1. Being surrounded by fewer than 17 Cβ atoms within 10 Å (Cβ to Cβ), in a loop (DSSP other than H, G, I, E, B) and more than 10 Å from every other protein chain (Cβ to nearest Cβ) is the requirement here; does B:T200 meet it?
2. Please indicate, with yes or no, whether at least one residue in segment A:332-341 is assigned to a strand (DSSP E or B), under 26 Å from B:K405 (Cα atoms) and among the aromatic types (F, W, Y).
3. Within 17 Å of A:F420 (Cβ to Cβ), surrounded by fewer than 21 Cβ atoms within 10 Å (Cβ to Cβ) and assigned by TED's automatic domain parsing to the domain that holds A:E274, is that true of A:N222?
4. Of all residues being in contact (Cβ under 8 Å) with a residue 24 or more places away in the chain and either outside any helix (DSSP H, G or I) or among the aliphatic types (A, V, I, L, M) (or both) in segment B:510-530, which is farthest from B:V546 (Cα to Cα)? Just the residue, please.
5. Within segment B:228-239, can one find any residue that is part of a helix (DSSP H, G or I), more than 11 Å from every other protein chain (Cβ to nearest Cβ) and more than 24 Å from the chain's Cα centre (by Cα)?
6. Just to be sure, is B:A208 within 11 Å of chain A (Cβ to nearest Cβ) and modelled with pLDDT of 85 or more?
7. For segment A:411-433: of the residues being farther than 30 Å from B:K325 by Cα and assigned to a strand (DSSP E or B), which is nearest to the chain's Cα centre (by Cα)?
8. Among the residues of segment B:307-330, write down those that are part of a helix (DSSP H, G or I) and within 11 Å of another protein chain (Cβ to nearest Cβ).
Amino acid sequence: MSVDGIIILENSGRPIIQSGFRSTNATYPLLHIDTLNNALASSPQKEDVDPVLYVPGYISDGKHSACCHVKCGDVRILAPIRGDVDPLFAFAFIHTFVEILQDYFGTLSAATLRDNFDVVYQLLEETLDSIGYPNTTSPNQLRDIVLPPSLLHKILSVTGVSGLSNAGHGNITPFSSPIPWRKAGLRYNNNEIYFDVTEVLKAIAGPTGTLYCEVQGKVDSNSRLSGTPDLQLTFTNPDYLVDASFHSCVRLRRWQRDKALSFVPPDGRFTLMEYRYLPPTSRSLSAPSTQVPVPFTLKPVVTIEEDGGSFSVSLTSRLSTRLFDEIVVEFYLGDGSSGVNCTASHGTSWSFDSRTSKIRWDLKTVPPSGTHTLRGSWASSKKYPRPAAAFRVKYDIAKYSYSSIKIDQLRMSGETYKPFKGFRANSKGDVDWRW
Amino acid sequence: MSQGQDAKLFQRGKIQEFRAELLAAESKDKKFTKRKTVLKKIVANITMGNDMSPLFTDVVQCLGTPLLEIKKMVYLFLVSYGRSKPDQIHLVIPSFLQDCNDRNPVIRALAIRTMSYIPIPVVTEAMTDQLRHCLKDKDPYVRKTAAICVAKLYATDPKKAERGGFVEMLRDLLVDPNPTVVSNAVAALSEIGDRNDGVTFKLNFHVANKLLTALGESSEWGQIYILDSLLRFVPDDTKDAEMLAERIIIQMQHANSAVVLTTIKILLYLMNYMDNRKLVDHICKKMGPPLVTILSSGPEVQYVALRNILLIIQRRPTVLRNDVKVFFCKYNDPIYLKLAKLEIMYRLAREENAREVLAELEEYASEVDIDFVRKAVRSIGRLAIKVKPAADSCIQSLLKLIETKVTYVVQEAIIVTKDIFRRYPGQYEGIIPTLCENLDLLDEPEAKAAMIWIIGQFANRIDNADELMDDLVYSFLEESTEVQLALLTASVKLFIYKSSSETAKQLVHKVLKWTTEEIDNPDLRDRGFMYWRLLAINPAVAGEIVLVEKPAITTDSDRMDRGALDQLLLHTGTLGSIYHKNPETFIRGAAGRQLIDTPALNQTSRQMLVIVTHPNAPRAPVKVSGPGPLEPHREKQAPVRSDTMVETGNLLGEGNEPNVIEDEEEEGEEEEALSPHVKLEQVSQDPYADLDGVFGSHGDQVDEPQSAVSQASIEDELERAQRQRQQTSTGSEPAKPKRNGTFRQSIAAFNQISQLGL
């Protein structure tokens, strides 16, 4: 169970950085890069390329392998695997590595990787062993071993005052902490911990009503607490949070027993838990009557004619007291569309991207029960235009959660100070509305 | 941080320049900043693939610098070029040994790790002593690094690793107080065990249990190693299996999807050794939600999960039974996700949800992606065949699709309609005229062949069948073999139905003449001869032969063999589960996994135990038995008469295997009643095996209807084999007909008939 290495490609398909590939032939990474580039070139839609590509070996050695790849910003990260390895393992590692890079550099892009290639190289060495075993992937521990490129660090090295970072190395003892995700001896002047809840509604709706709808929630946390605090967090309505999955730090048995989150948090940002919200009355995914309602209705009319078509769509908010902070409606008009002409109702705007043939309608702050309409027509080079079967609607509602999740209590043991607690909820939605 | 500042270092540097710079850096370099900059440049060049090995001696000299950053870069350099410098590597060994005893654990670990990367005897020799110390180091970071180094030492020199007692030391680390050390020891032992050269890594219940205590505090990777190693525990007692399962079931709530899927793999494995039906059901119920949770991740992860779900629901049909909606496709899903979801929707379809599923499939059939649309249309047809109560509405929607006149939609619809006709004989033939209207749209062999089959089979219900056929035959010699075969059979059928029609007579004559005289393909030619003789001997009997009732069609052929499924599930999550193949078939050297028989293995799993690791060849969907020379493997069967034909069919029906009409997926475990020997009795894939019989020792009985049955079935078998061959482009190849032998035999048979003066 190991990945052979990591290759990071820039947009043009050229490698920026790759790990050592010491246990393989030198051509091995090239073979994977070529296979991926060929697959991307021969697919009309880049996102439709299979995420696990089969890479045939040379006829002589018969060693076949597979290439797992993920697009991330303007780079693409490849993890070749051989033998009967779990591709999820590769993807999980890629995602972890991306998180580490983001943690170190803020953003992940070809430019930042180039600027900091020595750090990236060290990170690769530390996170992935030469025969492909993930080593240290917790940012808390990594920061002990690989120094992040901070501004201070840059200044120090430019002015030649490197004594500070040097001194740091003398007395650190990585893994001295008994808890793998938290380093020992942390000190903060202000002890604070924040919880950010994001709930995303995913639904497919159509003329016959809502076909499928579910709400997935995520609790992100930012912890800046001294020492080794042992936290116990309870929610007001934990029974409606089902199928939860947790960060390694959470004691699973405690959750199972009394739905309390008991954990020693890592330092910094981490995702504490993910869950699905089940409305009070329903106990099954398939019972349609008990779904969370989609907070708007869409009335789309699409008429397809020869060489073009017209459409009108009106969106009505079903929220009674809150505002939508942002709604974006997207509609794919089919290949070869052009000459789009629309009228959008007051306060909204539309645009057409001829490259993707998608029309985009932006609505800002839709008031409760407010209605907006977009009418338009388009021409197509095809005799029978084939627009998308669905409008895609994405929206944000701030300071709101479908589940009305609240923190009931946060208790701390193991330390004497009183931490500051912050809590915030946000809701999003991603709905396919068929016409 | 100004952009592109370090990017300048990417410029190809010159060796000489670096050497001079390194030299210059030796003096007046208080904080080692100069050296650091040069080394950075050198490392940058390594990244770009420029050969920096000439600088070996110069770079190595920096190893004495008491700065971690510099040490790291030198070690990076050594890792890249160490193995290519066996004659110079001795220069570094003193530094290695010194660093192995450094105050700083990071440096200790770095040194031992780098040494293990360099598989040169001198280094390995120097390393063994150090490694022994490091495995007992007081710092867990050093211990965990050393554990992996043992696996590397074993890869370089297995004898030394074994003699040095390193494997035993690794085993001792399994009970280390630090969970990361434990999981790395497990990883190293697994790696060594998988090499299959001497050391086997097996767990007993006690150790397995111990490992699970380390599970809670391990990192996600550690958890994966520990969980995965549980496959090395073979339960002797059902209680052990049940207890372990209960302990790991909670890991399905982990945020890391690889942990979740590995847990599921182990649970599926342990379930084979469980007796407690209630617990098995409980686990199955618990498995659904985590799988759904994985589906909220990125598309790549979803893809892997979907491919695995497809396997899991075939083996454990209660999992996700009520959650078909989860798999409804969104318009913007990447195509590979849509295709994977479609397959799962079909598997989960049953009477209760058929309406919803059909509505979805109709929706997909109007989308843009051709591949997806085709699969959707095909799934509508398969749904009709699988779920009887839904057949009516499926036909309605297929008709609607045919009206769209979109060529690939129409073609796909016609292909599936043909199967529906065979599944429900006498029910839907009313739609034939609609199908015939679209003849001109067909340009693909499979669709054409299907339409021709329909015209031939129902020539008596199609008024202008002879005209239609006449048009189709026009381009006979240019058609693909598949279409030619269909045309041949259809024109014979047409002639039998409308023997009075002059067109039909001319048509069949023309086609038979072409096939026997102008076509080189032995399949076609042999069949041409066969029909010709049949018609020549006695057209009435030929009619009975050709138009005999067809064996029922099933959706079973797209189902996986249980034993193979059990084996595949041992690879849950891995590449094998994505390609739905056992890894040893496409990865050389990959160890195939198989269930091991112990007293605890439950009855149903034992029955399906696959001992040979070679994957089963795909089964024939329909068993065709008939008179004819008995094949050696069929000799134990009673002599087959015409009436036993039917019986054989029923027998198999009871066994619930090849002739079953519907997928009994709901019952799931039911098919386990099938005893393995039924499968052995299946006729070989080669349709020609039976063909020989038609003219073989029973050559003198050709005019008796029982031979007819076999012949007609062969025809369907042929058609089906042909279709399968096309459909299984990704699956394993069905056995190819043995052309040579058959050809010779049929010539012999032909001569024999001629001698009989028929």
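The values are calculated or read from the model by the stated rules, or taken from the named source; none is laboratory data. Since this is a predicted model, take the numbers as computed values, not measurements. Because the Cβ atoms are built from the backbone with ideal geometry, glycine has one as well, and the counts that use them run over all protein chains shown.
1. Yes: the conditions hold for B:T200.
2. Within segment A:332-341, one or more residues are assigned to a strand (DSSP E or B), under 26 Å from B:K405 (Cα atoms) and among the aromatic types (F, W, Y).
3. On the way: within 17 Å of A:F420 (Cβ to Cβ): yes; surrounded by fewer than 21 Cβ atoms within 10 Å (Cβ to Cβ): yes; assigned by TED's automatic domain parsing to the domain that holds A:E274: yes.
For A:N222, the condition - within 17 Å of A:F420 (Cβ to Cβ), surrounded by fewer than 21 Cβ atoms within 10 Å (Cβ to Cβ) and assigned by TED's automatic domain parsing to the domain that holds A:E274 - is met.
4. Step one: filter segment B:510-530 for residues in contact (Cβ under 8 Å) with a residue 24 or more places away in the chain, giving B:510-512, B:514-515, B:518-519, B:521-524, B:526-530.
Now drop any that are not either outside any helix (DSSP H, G or I) or among the aliphatic types (A, V, I, L, M) (or both), which leaves B:511-512, B:518-519, B:521, B:524, B:530.
Details: B:V511: 16, B:L512: 15, B:E518: 24, B:I519: 22, B:N521: 22, B:L524: 16, B:M530: 11 Å.
So the residue we want is B:E518.
5. yes
6. Values: within 11 Å of chain A (Cβ to nearest Cβ): no; modelled with pLDDT of 85 or more: yes.
When the stated conditions are applied, B:A208 does not pass them.
7. Looking at the filtered set, the residue picked out is A:R424.
8. Step one: list which residues in segment B:307-330 are part of a helix (DSSP H, G or I), which gives B:307-315, B:324-327.
The answer is B:R307, B:N308, B:V324, B:K325, B:V326, B:F327.
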